[in-house]
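K.L.:
Take this structure first; my questions come after.
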Amino acid sequence: MANQDTFLIPILPRQLGQLQGFRVLPAHLAYRIGRGPHLFRSEGSVPPQGGVMVLDASGFDGFGSGGGFCQEVVRECLSRNFSGAVLDFDVRLPPLEGIAAQLDESFARRGWNLYVPESYGRCAPRAMVMISSALSGGSLTLRLEEAQERFGRDRIALALEPAAEDFFLPSPSGSGTPLSREALSRLMERLQPSVFFSNELCARYFTYTNPDGGAHFVLFDDGETLARKVDTARRLDIHTFLAPWEQIKEYAQSLGLSRTQPAAHRLR
């Protein structure tokens, strides 16, 4: 029997109604690590039920012991019937490493799922490790295979991050200037470029030259490229995906996230 995909959809509380009818797991963007540390829920948000919690650590000051905080997380998950948590940790700090390790152990005892960034994969040996779909070089297949070798074949989740970047060549850092969807559309409308597809990156690209002779390489995603990235992961037996709603909602159909049809009622 084929493995079934699990799509976790990070989403704001006010947008939850947009997921009605989709067979996905909401990941609630309503929690953060505050001073203490203590668990804080977004002001004014209706307490969510079901799905998983997303923990934002962007404002964490790095002080305090994580033991009490982890107990708060477990109590909130029990209260809200959450089945796990996503650790949205952008930086690696020793206190956050300790929190990841403690939650990993607590969640494993309860049969819950923990999802951690790649840099925290060693701190939480039972957790699913999130690997970004956004690449500017190399091969997505090799990237995922290397992650499976490092962390285990069953521990990898693909984090879909629709990208659009403009690279000034040469680009030794591998980082470009992010483009909004509107900026990308305006650029393509102005240039009318020939667009190509990279099988290695599973992304589209085009090149152009400034009037002063500067060469540019533009790499971007759309619904088809995201679907190709999902298919690439499936071929490696990866079936867990994170897909932020605000970034992928226009591509939901391309990703196979169709709404379930309500049962028909017979007229009497």
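The values are calculated or read from the model by the stated rules, or taken from the named source; none is laboratory data. Remember, it's a predicted structure, so these values are computed and weren't measured experimentally. Cβ sites come from the backbone with ideal geometry, for glycine too, and all protein chains shown count toward neighbours.
K.L.:
Within the stretch 94-103, can one find any residue that is of a type outside the set (A, V, I, L, M), at pLDDT below 95, surrounded by fewer than 16 Cβ atoms within 10 Å (Cβ to Cβ) and part of a helix (DSSP H, G or I)?
P.N.:
Yes, the stretch 94-103 contains at least one residue that is of a type outside the set (A, V, I, L, M), at pLDDT below 95, surrounded by fewer than 16 Cβ atoms within 10 Å (Cβ to Cβ) and part of a helix (DSSP H, G or I).
K.L.:
Would you point out the residue of the stretch 142-175, among those that are surrounded by fewer than 16 Cβ atoms within 10 Å (Cβ to Cβ) and among the charged types (D, E, K, R), that is farthest from A233 (Cα to Cα)?
P.N.:
R150
K.L.:
How many of the residues making up the stretch 104-128 are hydroxyl-bearing (S, T, Y) and more than 17 Å from P94 (Cβ to Cβ)?
P.N.:
2
K.L.:
Which residues, counting only those in the stretch 220-250, are small (G, A, S) and outside any helix (DSSP H, G or I)?
P.N.:
A243
K.L.:
Moving to a separate point now. Looking only at the stretch 124-141, how many residues end up being within 19 Å of P178 (Cβ to Cβ) and crowded, with 24+ Cβ neighbours inside 10 Å?
P.N.:
1
K.L.:
If G137 satisfies all but one of (1) assigned to a loop (DSSP other than H, G, I, E, B); (2) of a type outside the set (F, W, Y); (3) free of Cβ contacts under 8 Å to residues at least 24 places away in the same chain, what's the number of the condition it fails?
P.N.:
Single failed check for G137: (3).
K.L.:
Condition check: in a helix (DSSP H, G or I) and either in the same structural domain as I33 (by TED's automatic domain parsing) or not aliphatic (A, V, I, L, M) (or both). Does A147 satisfy that?
P.N.:
Details: in a helix (DSSP H, G or I): yes; either in the same structural domain as I33 (by TED's automatic domain parsing) or not aliphatic (A, V, I, L, M) (or both): yes.
Answer is yes for this residue.
K.L.:
Here's a check for you: in the stretch 113-123, which residue that is hydrophobic (A, V, I, L, M, F, W, C) and under 15 Å from L55 (Cα atoms) is surrounded by the most Cβ atoms within 10 Å (Cβ to Cβ)?
P.N.:
Checked the stretch 113-123; the qualifying residue surrounded by the most Cβ atoms within 10 Å (Cβ to Cβ) is V116.
K.L.:
Go through the residues of the stretch 191-202 one by one and say whether even a single one is in contact with a strand residue (DSSP E or B) (Cβ under 8 Å, 6 or more places away or on another chain), at pLDDT 95 or above and surrounded by 20 or more Cβ atoms within 10 Å (Cβ to Cβ).
P.N.:
yes
K.L.:
Sticking with this one: Within the stretch 199-221, identify whether any single residue is under 30 Å from R14 (Cα atoms) and touching a Ser or Thr at 6+ places or on another chain (Cβ under 7 Å), and answer yes or no.
P.N.:
no
K.L.:
Which numbered condition in (1) under 24 Å from V230 (Cβ atoms); (2) touching a residue at least 24 places away in the same chain (Cβ under 8 Å); (3) among the hydroxyl-bearing types (S, T, Y) is the only one that S180 fails?
P.N.:
S180 satisfies every listed condition except (2).
K.L.:
Same structure, new question: Checking the conditions here, which among A147, A157, A134 is within 15 Å of the chain's Cα centre (by Cα) and within 24 Å of I99 (Cα to Cα)?
P.N.:
The unique qualifying residue is A157.
K.L.:
Filter the stretch 78-92 down to residues that are touching a helix residue (DSSP H, G or I) at 6+ places or on another chain (Cβ under 7 Å) and within 18 Å of L29 (Cβ to Cβ), then give me how many there are.
P.N.:
Within the stretch 78-92, residues that are touching a helix residue (DSSP H, G or I) at 6+ places or on another chain (Cβ under 7 Å) and within 18 Å of L29 (Cβ to Cβ) number 4.
K.L.:
Residue under question is A124, and the condition is that it be outside any loop (DSSP other than H, G, I, E, B), in contact with a strand residue (DSSP E or B) (Cβ under 8 Å, 6 or more places away or on another chain) and not charged (D, E, K, R); does it hold?
P.N.:
no
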